[in-house]
Amino acid sequence: MKSKWIYVILVTLFAVFFLNSCLPLSTSSKEVSIVIDRSGINRNATLVLAQDGLNGEWKELTGTDGKYKFTVNDPDGVYSIVAVDKSGNSSDIELFHSTLAERKAVNIEFQATPETDFAQLTINLPATYEASQVTTFFRQYVPGIIKQSSVTVQIPKSKSDLVVFIGTKQDSSQKVYIKRDFEIKNAETLNIEEKDLKTLESLTTSDIYYFWIINNTHTLPVVFNKKIPNMATNDRYLAVYGDLLAGKLWFKVTKDVPVSLSNKIKDFTPPTTTIISDKKTDSNGLPEITFIPYESTISDYKTRLYTFSIYKFGSPSKHTVNITPGYLTKVGNKYKFPNITLSQWKDEYKPARDYTIQNLMVFLSPNQIEEFSAFKLGTEYLAFGIQ
């Protein structure tokens, strides 16, 4: 049960936050880089808006291939970004509120459209594996179970390292195929021969799990505690320690395994009370949320980010809010959902008056957001949820 819980939290974190591994950092001290990432496909969002400072006018940004730039002139480096991706009758809306000192590179994960963003890959296997489970990773998790020697999957039209697992994680003879810098733009066929397959070796572990990070491919939850064969320069492990009862997860990006876990992480206890002291709507019917900033109790681990969802069942819009401590200080710890009056900002993009707050999480780290969210080698961070 413990490992199953870890998988659920990991998948959630990767989906909503930790997908910045290919995000280019801005070279300008005042420039924010924004990238729309659809499982490796960079395509513009429905709408991207930005605000310079706390009271500046909201402006629509123009992107090219899912990439946007925004210059912040506020003396304190305060800025906000809102991105909307409309699909059918519903919209995903991401909000980022930060200062330049805390974050200048923002990766926004939206859904890809299979009809336009994906290509068909047919994988032919040796006949001896015709009854095996086959799972393919290519910038996203694409499972497939076959009963014959060929399997067809849809993968993003992108370039990355392709990973194919044959057999389940309980199978001691589980094999893997890795094709580096695999690029697909149209339907293709890949023939895998027995000589191309590597048998996975187990890692000796205690209560820490090791997952692969191969280029931009995160191979979970099919494989864990297995060595990466023929490690390349960009290959690394994500060491994860999870405490189900305490509701915390610790991460470290490393090439060397196993890693040791300090007592300060083992002994850390998340707060038992919420860090939100008040929740209401303002005169415009928009959320107004008062925080009690979390003060980290771990030496050299600083509070780096708060994330939460503003939600109502049946609402056409889903809002995910990311706030840095620096921004929260500038607004006096009272977060007010932006009152955007641009014509491009439709009423359907606004949150419901009778909203609820879900998935409130706090991230602590000795590293900056851009370092640990890009899985930079050597970084570590701690995440915990508050109900």
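The values are calculated or read from the model by the stated rules, or taken from the named source; none is laboratory data. Keep in mind the model is a prediction, meaning the values are calculated, not measured. Counting neighbours? That spans all protein chains shown, and the Cβs are built from the backbone with ideal geometry, glycine included.
Considering region 203-231, and only residues there that are of a type outside the set (A, V, I, L, M, F, W, C) and under 26 Å from GLU130 (Cβ atoms), the residue that is modelled with the highest pLDDT turns out to be PRO229.
For region 225-326, please list each of the strands (runs of 3 or more DSSP E) lying entirely inside it that holds at least 1 residues being crowded, with 19+ Cβ neighbours inside 10 Å and not β-branched (Val, Ile, Thr). In region 225-326, 236-243, 248-254, 287-291, 302-311, 317-323 are the strands (runs of 3 or more DSSP E) which contain 1 or more residues that are crowded, with 19+ Cβ neighbours inside 10 Å and not β-branched (Val, Ile, Thr). Considering region 341-357, the residues that are surrounded by 15 or more Cβ atoms within 10 Å (Cβ to Cβ) and either in contact with a helix residue (DSSP H, G or I) (Cβ under 6 Å, 6 or more places away or on another chain) or aliphatic (A, V, I, L, M) (or both) include one that is farthest from GLU57 (Cα to Cα), namely ILE357. Annotation: ASN186 fulfils all but one of (1) under 22 Å from ASP256 (Cα atoms); (2) assigned to a loop (DSSP other than H, G, I, E, B); the unmet one is (1).
Within region 153-195, being in contact with an Asp or Glu (Cβ under 8 Å, 6 or more places away or on another chain), modelled with pLDDT of 95 or more and exposed (fewer than 11 other Cβ atoms within 10 Å of the Cβ) holds for no residue.
Is it the case, given these coordinates, that THR341 is under 22 Å from TYR79 (Cβ atoms), of a type in the set (S, T, N, Q) and not in a loop (DSSP other than H, G, I, E, B)? Answer is no for this residue. On inspection, GLY378 qualifies as out of contact with any strand residue (DSSP E or B) (no Cβ under 6 Å at 6 or more places or on another chain) and either on the phi > 0 side of the Ramachandran plot or not in a loop (DSSP other than H, G, I, E, B) (or both). In region 88-101, the residues that are without any contact (Cβ under 8 Å) to a residue 60 or more places away in the chain never reach a residue that is part of a strand (DSSP E or B) with C-beta atoms less than 9 angstrom apart, at least six apart or across chains. From the list ASP267, ASP235, ASP256, the lone residue that is out of contact with any His (no Cβ under 7 Å at 6 or more places or on another chain), more than 30 Å from GLY88 (Cβ to Cβ) and in contact (Cβ under 8 Å) with a residue 12 or more places away in the chain is ASP235. The set of residues in region 88-132 being assigned to a strand (DSSP E or B), more than 20 Å from the chain's Cα centre (by Cα) and surrounded by fewer than 19 Cβ atoms within 10 Å (Cβ to Cβ) consists of SER90, ALA119, GLN120, THR122, ASN124.
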